[in-house]
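These notes concern the structure reproduced below.
We did not get these values from a lab; they are worked out from the coordinates using the rules stated. This structure is a prediction, so every number in the text was calculated from the model and none was measured.
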Amino acid sequence: MSIAVEVALKEILGQINQKLDYIQRDVTDIKLELTEVKGDVKR
């Protein structure tokens, strides 16, 4: 017996896009924190 799952491609792409936005924000935050740490180390 096989099970068919049907989901709109638009919905899946929207979810992927939302997750990518979260990842982008996290990477930006990490870069800012790293810049701050580098500044502290140079002092």
Query - Cα-based reach from residue 10 at 20 Å (exclusive), listing aspartates and glutamates while leaving out same-chain residues under 8 positions away - result: 21
Requested in this report: Under 21 Å Cα to Cα from residue 42, which lysines show up? Leave out anything in the same chain fewer than 8 places away.
Outcome: 31
